[in-house]
1. Could you please let me know if A:Y32 is surrounded by fewer than 16 Cβ atoms within 10 Å (Cβ to Cβ) and of a type outside the set (D, E, K, R)?
2. Looking at A:R61, A:R101, A:R17, A:R107 in this structure, which one is buried (at least 21 other Cβ atoms within 10 Å of the Cβ) and either touching a Pro at 6+ places or on another chain (Cβ under 9 Å) or closer than 26 Å to B:S109 by Cβ (or both)?
3. Being more than 22 Å from B:L111 (Cα to Cα) and assigned to a loop (DSSP other than H, G, I, E, B) is the filter here, so list the residues in the range B:63-72 that pass it.
4. What are the residue pairs meeting all of these: first residue in the range B:66-92, first residue in contact (Cβ under 8 Å) with a residue 60 or more places away in the chain and within 14 Å of chain A (Cβ to nearest Cβ), second residue polar (S, T, N, Q) and in a strand (DSSP E or B), Cβ atoms under 6 Å, and 6 or more apart or on different chains?
5. Go through B:V60, B:V51 for me and flag whichever is β-branched (V, I, T) and assigned to a strand (DSSP E or B).
6. Given the criteria touching a strand residue (DSSP E or B) at 6+ places or on another chain (Cβ under 8 Å) and within 9 Å of chain B (Cβ to nearest Cβ), does A:L34 qualify?
7. What is the number of the single condition among (1) closer than 25 Å to B:L46 by Cβ; (2) more than 12 Å from chain B (Cβ to nearest Cβ); (3) at pLDDT 95 or above that A:S28 does not meet?
Amino acid sequence: DQQVKQNSPSLSVQEGRISILNCDYTNSMFDYFLWYKKYPAEGPTFLISISSIKDKNEDGRFTVFLNKSAKHLSLHIVPSQPGDSAVYFCAASGWNNNDMRFGAGTRLTVKP
Amino acid sequence: SQTIHQWPATLVQPVGSPLSLECTVEGTSNPNLYWYRQAAGRGLQLLFYSVGIGQISSEVPQNLSASRPQDRQFILSSKKLLLSDSGFYLCAWSVGSASGNTIYFGEGSWLTVV
């Protein structure tokens with residue numbers, strides 16, 4: 001069952017512009033959401049998270065927005081840099097981490 | 001600071017051979033430990049998790065097993081590999097299992113079954 005969906009397998013943006021990666025979820029019990037960044041042949045690295053009591057969390061160039069009513073979250077990267085090129089995974093968990101679910105990932109390419 | 005290591009990084013194994021992937025976490029006690037597999041186009045799939053020594057929970061029926069012989073050691077095994085076991089395997093840890101605890105991943109292990 002795909003409780004977390006990233007419907008765009010790839011995204012290409014120009015350096016300096018905004019990158020917006022989207023994620024939808026179906027389980028209303030999810031209350032903690034994360035974004036991971038993954039380079040080829042490496043493990044995912046944690047990027048940013050948000051709990052369901054917030055609708056926005058910002059860390060430098062990265063901002064995650066959560067719309068609980070729409071069961072939708074997004075990651076904004078501003079300004080995008082070529083080093084941001086990677087696969088980004090969205091994840092969500094409910095009352096414990098053992099039910100954390102991941103999306104299929106979106107491959108971001110930032111062109112110089 | 002906490003670190004996680006898994007090995008080997010890559011391996012090529014014939015069908016029917018055994019498998020052992022090892023993972024260790026340093027810098028923390030009694031972590032939750034996880035084994036994930038990344039399948040093409042399907043994101044990260046949780047295979048096993050452990051909340052303590054000797055305690056293993058399996059998420060999906062499969063040809064693999066896991067063991068936790070020590071607090072910070074997690075092992076993924078198979079007695080006889082199948083072609084379908086090929087993939088990228090990730091060990092991970094978290095401080096606890098409560099929601100809000102970030103899961104941190106190791107470097108990953110590429111397994112090719114031939």
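The values are calculated or read from the model by the stated rules, or taken from the named source; none is laboratory data. What you see is a predicted model, and the numbers here were worked out from it, not measured in a lab. All Cβ positions, glycine included, derive from the backbone under ideal geometry; neighbour counts span all protein chains shown.
1. no
2. Numbers: A:R61 fails: buried (at least 21 other Cβ atoms within 10 Å of the Cβ); A:R17 fails: buried (at least 21 other Cβ atoms within 10 Å of the Cβ); A:R107 fails: buried (at least 21 other Cβ atoms within 10 Å of the Cβ).
Being buried (at least 21 other Cβ atoms within 10 Å of the Cβ) and either touching a Pro at 6+ places or on another chain (Cβ under 9 Å) or closer than 26 Å to B:S109 by Cβ (or both) holds for just one of A:R61, A:R101, A:R17, A:R107, which is A:R101.
3. Once the filter is applied, which keeps residues that are more than 22 Å from B:L111 (Cα to Cα) and assigned to a loop (DSSP other than H, G, I, E, B), the range B:63-72 yields B:D71, B:R72.
4. B:Y89/B:S109; B:C91/B:Q6
5. The conditions single out B:V51.
6. On the way: touching a strand residue (DSSP E or B) at 6+ places or on another chain (Cβ under 8 Å): yes; within 9 Å of chain B (Cβ to nearest Cβ): yes.
The answer is yes for A:L34.
7. Every condition holds for A:S28 apart from (3).
Okay, residues lined up against (1) under 14 Å from A:C23 (Cα atoms); (2) within 14 Å of another protein chain (Cβ to nearest Cβ); (3) among the acidic types (D, E):
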site	(1), (2), (3)
A:F65	yes, no, no
A:H72	yes, no, no
A:H76	yes, no, no
A:S80	no, no, no
A:Y88	yes, yes, no
A:F102	yes, yes, no
A:R107	yes, yes, no
A:K111	no, no, no
